[in-house]
Amino acid sequence: MANWSDPRLGTAPFGKADSAGTQSAAYDAGLRSYMLRVYNYMASAVLLTGIVAMLFASGGANSPAAQVFVGGGILKYVIMFAPLAIVFGMSFGQARMSTGTLQALFWGFAVLMGLSLSTIFLVYSGSSIAGAFFSTAAGFAALSLYGYTTKRDLSAFGTFLIIGVVGLMVASIVNIFVQSGPLGLVISAIGVLLFAGLTAYDTQRTKSLYFQVRGTDMADKVVVMSALSLYLDFINMFLFILRLFGSSRD
């Protein structure tokens with residue numbers, strides 16, 4: 001379990017206040033650099049996904065996205081499920097993979113997600129997509145800031161939130177067959193709340209992991225995996241907000 005206590009000591013024994021202050025400053029600088037790397041990875045992946053999605057959907061009904069997802073046969077399912085396979089591969093194989101392999105999989109995942117999400121440009125209006133994106137960005141920033149600064153231990157909510165996501169996935173699969181509009185709205189609303197909570201939780205967990213991995217070979221891997229977690233929080237929150245408030249293309 002992550003060590004949620006503050007590793008910095010408030011006082012230095014034997015009067016070594018200067019040494020403690022120097023260590024605290026070094027810790028703060030290292031933490032800021034570490035978190036900045038995580039957010040840079042995450043934001044770059046979101047940008048890459050968006051660019052790939054727009055390019056793949058360029059041309060509307062005549063776009064590559066329309067050709068693949070309307071009549072692409074097995075290719076459609078490869079694009080849809082390949083990102084999930086990569087996430088599982090990264091999650092369970094990170095200890096055996098090199099940092100370079102994890103990075104390559106991370107960027108490949110972002111590209112595949114862009115191909116998969118290109119359909120939103122065929123279904124929703126541009127203004128709806130933009131509105132959902134900026135709403136998500138604002139909410140994500142606020143929730144991540146809360147997760148970073150709060151003194152409250154959010155680890156107890158982690159299991160609850162993950163169980164909630166599993167339940168949400170089951171409900172979503174059921175709704176594919178029953179095609180219930182009201183159920184879809186409920187799923188979307190709950191989805192926004194769950195991934196909002198996960199954003200704060202994952203931010204605090206990312207911050208806590210710094211103390212455990214700083215100065216080790218695992219630090220670079222943790223940066224990539226933490227960026228992946230925050231990326232998934234952002235993308236899922238965006239999609240649920242879009243489903244709630246988005247309007248269809250004319």
Picked from the stretch 32-84 (must be without any contact (Cβ under 8 Å) to a residue 24 or more places away in the chain and aromatic (Phe, Trp, Tyr)), the residue surrounded by the fewest Cβ atoms within 10 Å (Cβ to Cβ) is Tyr77
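Considering only residues that are in a helix (DSSP H, G or I) and either among the small types (Gly, Ala, Ser) or modelled with pLDDT of 95 or more (or both), look in the stretch 89-100 and name the one that is nearest to the chain's Cα centre (by Cα). Step through it out loud before you land on a result.
If we filter the stretch 89-100 for residues that are in a helix (DSSP H, G or I), which is where we start, we get 89-93, 99-100.
Retained after the next criterion (residues that are either among the small types (Gly, Ala, Ser) or modelled with pLDDT of 95 or more (or both)): 89, 91, 93, 100.
Details: Gly89: 16, Ser91: 14, Gly93: 19, Gly100: 20 Å.
Taking the candidates together, the pick is Ser91.
Can you say whether Ala65 is of a type in the set (Gly, Ala, Ser) and over 30 Å from Asp217 (Cα atoms), as far as the supplied structure shows?
Values: of a type in the set (Gly, Ala, Ser): yes; over 30 Å from Asp217 (Cα atoms): yes.
Yes: the conditions hold for Ala65.
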| query | Out of curiosity, is Ala82 touching a Leu at 6+ places or on another chain (Cβ under 8 Å), within 28 Å of Asp220 (Cα to Cα) and either of a type outside the set (Val, Ile, Thr) or at pLDDT 90 or above (or both)? | reply | yes
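Residue-wise test of (1) farther than 22 Å from Val123 by Cα; (2) modelled with pLDDT under 95.
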position: Leu154; (1), (2): yes, yes
position: Val165; (1), (2): yes, yes
position: Ile173; (1), (2): no, yes
position: Pro182; (1), (2): no, yes
position: Ser188; (1), (2): no, yes
position: Thr203; (1), (2): yes, no
position: Lys221; (1), (2): yes, yes
position: Leu232; (1), (2): no, no
With the first residue restricted to the stretch 212-240 and required to be of a type in the set (Asp, Glu), and the second required to be surrounded by fewer than 21 Cβ atoms within 10 Å (Cβ to Cβ) and part of a helix (DSSP H, G or I), Cβ contacts under 8 Å at 6 or more apart or on different chains are Asp220/Thr99
When restricted to Val111, Val186, Val174, Val192, the only residue in contact with a helix residue (DSSP H, G or I) (Cβ under 6 Å, 6 or more places away or on another chain) and without any contact (Cβ under 8 Å) to a residue 60 or more places away in the chain is Val192
When every residue in the stretch 195-211 that is touching a residue at least 60 places away in the same chain (Cβ under 8 Å) and among the aromatic types (Phe, Trp, Tyr) is compared, the one surrounded by the fewest Cβ atoms within 10 Å (Cβ to Cβ) is Phe211
Counted residues in the stretch 185-207 being of a type in the set (Phe, Trp, Tyr) and under 18 Å from Ala138 (Cβ atoms) come to 1
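Residues checked against (1) among the β-branched types (Val, Ile, Thr); (2) under 25 Å from Arg205 (Cβ atoms); (3) part of a helix (DSSP H, G or I):
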site	(1), (2), (3)
Ala156	no, yes, yes
Thr159	yes, yes, yes
Val165	yes, yes, yes
Ile176	yes, no, yes
Pro182	no, no, yes
Val186	yes, no, yes
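The values are calculated or read from the model by the stated rules, or taken from the named source; none is laboratory data. All figures in this text were calculated on a predicted structure; none of them were measured in a lab. Please note: Cβ atoms are built from the backbone with ideal geometry, for glycine as well, and neighbour counts cover all protein chains shown.
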